[in-house]
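Read the figures in this text as sums done on the coordinates, not as results from a lab. Everything quoted here is computed from the prediction, not taken from an experiment. Positions of Cβ are backbone-derived with ideal geometry, glycine not excepted, and every protein chain shown enters the neighbour counts.
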Amino acid sequence: MSVFSAERLEQVEAKDKTKRFEKYTILVVDDEENNLQLLQEVFDGDYEVITAHDGMEALDLVQHHNDREQIRVIISDQRMPAMNGVDFLEQTIPLLPNTKRIILTGFTDVDDIIDAINKGQIYQYIVKPFINEDLRLTVQRALEAYQLEVQNLVLIKELTSLNTSLERKVEERTDALQHSLNSLRNFYYYISHELRTPLTAIQPYIRFLQRGMKCDPPTESQTSHLLVIEDNTKRVMKLVNQILDLARIESQELPTHLQSLLIHSLIRRSVKQLHGLFRPEVEVVLDLLEPEAPVLGTWDDLETVVDNLISNAAKYTETGTVQIKTEIWNSGLRMAIQDTGVGIDVSHLGTIFERFIRVDQQGLAKGTGLGLHITKALVERMGGRIGVTSEKGTGSTFWVWLQLAP
Ligand SMILES: Nc1ncnc2c1ncn2[C@@H]1O[C@H](COP(=O)(O)OP(=O)(O)OP(=O)(O)O)[C@@H](O)[C@H]1O
Ligand SMILES: [Mg+2]
């Protein structure tokens, strides 16, 4: 929907052009009868002229006029008994806010002029004696200015109302989208949860079959088939757990309650548990800060972060070392996991933290491409930062910066 149409502008202008042929009303105020007559003659024929001899009479005329809006211009003499021109014009402002006010002054009195501009919202002052044609032109210009201002007011009003309805629509759509998004999250959370139950139940049976009966050990091909089943069940289980993590991250709008935690025990435990993932040619080196500095985080999130980064280093390193180092850096704790693995081409470095992004690592490992995305979200939720430097063929360093606990 366009906010404002050119067509509408033309309609407003056209409406006003027809009005141009109507006779507008000019109110002329002067205490001298001769002047009143003269002014009437100047405008007669072109405009409807109404006259008053002083401010009080003029105000009365305005108040009781049956079509006040038609009074588009007021011309008033400045020097009048009882109420001067500026004071009179000032009192017409609330009655006729858009009307153009012109003051006639017989003296080039600077104070009068300043007063006229400041108090009376005067469109123009004219020094007497005036030239008829000049006065006619001034009134014409005043009428044009009036029309322009009124048109602008109409357009601004329409624009404001369009804006309001547009904002309301955006709000409604955002609410609807948020609602769909929540339903979608609930849906994949529910599905993952439901998948995990049968998967958990299958795993002990696989182990049971692998062990075999005393009297009936599995054959070689049965063992290899069971390995395939076990491997694939683990992969599905991992994916299900990652989707649950993702749903957990995305649904938590509120910041997590952070605690003071010691990360070294987590690192040691993770290295031990993931031992089987490292190739025999790879040496794991720990270079941990002493004494250890506590960081701000949550236990589950830190565990997932450490596990994901260490398992990546294990998966993508064929030979050499994986070094895990902690140090104080920039008033926080920096954990760096440096490997001598396959490395990542610079063209992929910008995208590896996005969900489902995998880089072909010479068929090294099969993953889902969710690990780093989840890791980054968790680190940032704990107020930390994550980054990587890497060189294809040489190795990578993934680092995590965490806030120190106070
Ligand atoms: N230490 C590393 N060395 C080389 N490449 C890496 C390393 N860590 C991550 N990568 C690359 O970044 C990609 C994304 O990593 P991420 O951990 O998100 O996914 P994944 O390991 O493929 O799968 P999973 O979701 O199971 O962890 C990987 O596919 C891999 O190509
Ligand atoms: Mg991974």
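Of note:
- For K100, the amide hydrogen comes within under 5 Å of the amide hydrogens of V73, I74, counting only partners 5 or more places away or on other chains and with H modelled in the peptide plane.
- The simple Förster model, with R0 at 25 Å and r as the Cβ-Cβ distance, assigns L38 and A82 a FRET efficiency of 0.70.
- Rounded to the nearest whole Hz, the Karplus-based 3J(HN,Hα) values (6.51 cos²θ - 1.76 cosθ + 1.60, θ = phi - 60°) of the stretch 137-143 follow the sequence 4, 4, 5, 4, 5, 4, 5, with x at glycine and proline.
- Trypsin sites (Lys or Arg not before Pro) within the stretch 128-231: DSSP coil, no more than 14 neighbouring Cβ in 10 Å: K214
- If you sort the three axes of the alpha carbon gyration tensor as a ≥ b ≥ c, you get a/c of 1.5 or more for the stretch 255-406 and a/b above b/c, which makes it prolate.
- Per-residue ³J(HN,Hα) for the stretch 327-338, Karplus 6.51 cos²θ - 1.76 cosθ + 1.60, θ = phi - 60°, Hz, x for Gly and Pro: 7, 7, 8, 6, 6, x, 9, 10, 10, 10, 10, 10
- Modelled label positions at L155 and T321, each set 7 Å beyond Cα in the direction of Cβ, lie 7.3 nm from each other.
- For the stretch 60-180: rounded, prolate or oblate by the Cα gyration tensor [a/c cutoff 1.5]: prolate
- Here r is the Cβ-Cβ distance between E292 and H65 and R0 is 60 Å; the resulting FRET efficiency, rounded to 0.05, is 0.10.
- For T219 and Q259, a Förster radius of 56 Å and the Cβ-Cβ distance give a FRET efficiency of 0.60, rounded to the nearest 0.05.
- Look at the alpha carbon pairs under 8 Å that are at least 6 residues apart: their mean separation over the length of the stretch 259-403 gives a relative contact order of 25 percent.
- For the chain, the longest site-free run once GluC sites (Glu not before Pro) in DSSP loop states with at most 10 other Cβ atoms within 10 Å are removed: 23-252
- Shape of the stretch 235-301 from the C-alpha gyration tensor: oblate (a/c of 1.5 or more and a/b not above b/c, with a ≥ b ≥ c the square roots of its eigenvalues).
- Given charges at Cβ of Lys, Arg, Asp, Glu: the chain dipole, positive-most of L104, N35, A293: A293
- Inter-label distance for R269 and R173, nm, one decimal - labels placed 7 Å from Cα along Cα-to-Cβ: 4.8
- Per residue, the average separation of C-alpha pairs within less than 8 Å and at least 6 apart gives the chain a relative contact order of 10 percent.
- Values of log10 I(q)/I(0), in the order q = 0.10, 0.13 Å⁻¹, for the chain under a Debye, Cα-only, solvent-free model: -0.77, -1.13
- Over the chain: helical MRE at 222 nm, DSSP H runs n ≥ 4 each giving -39500 (n - 2.57), nearest 500: -17000 deg cm²/dmol
- Cross-linked pairs K23/K100; K238/K325; K234/K315: Cα-Cα separations exceed 20 Å for K238/K325.
- 3J(HN,Hα) along the stretch 32-45: 9, 4, 4, 5, 4, 5, 4, 5, 4, 5, 4, 9, 4, x Hz, from the Karplus curve 6.51 cos²θ - 1.76 cosθ + 1.60 with θ = phi - 60°, whole Hz, x for Gly and Pro.
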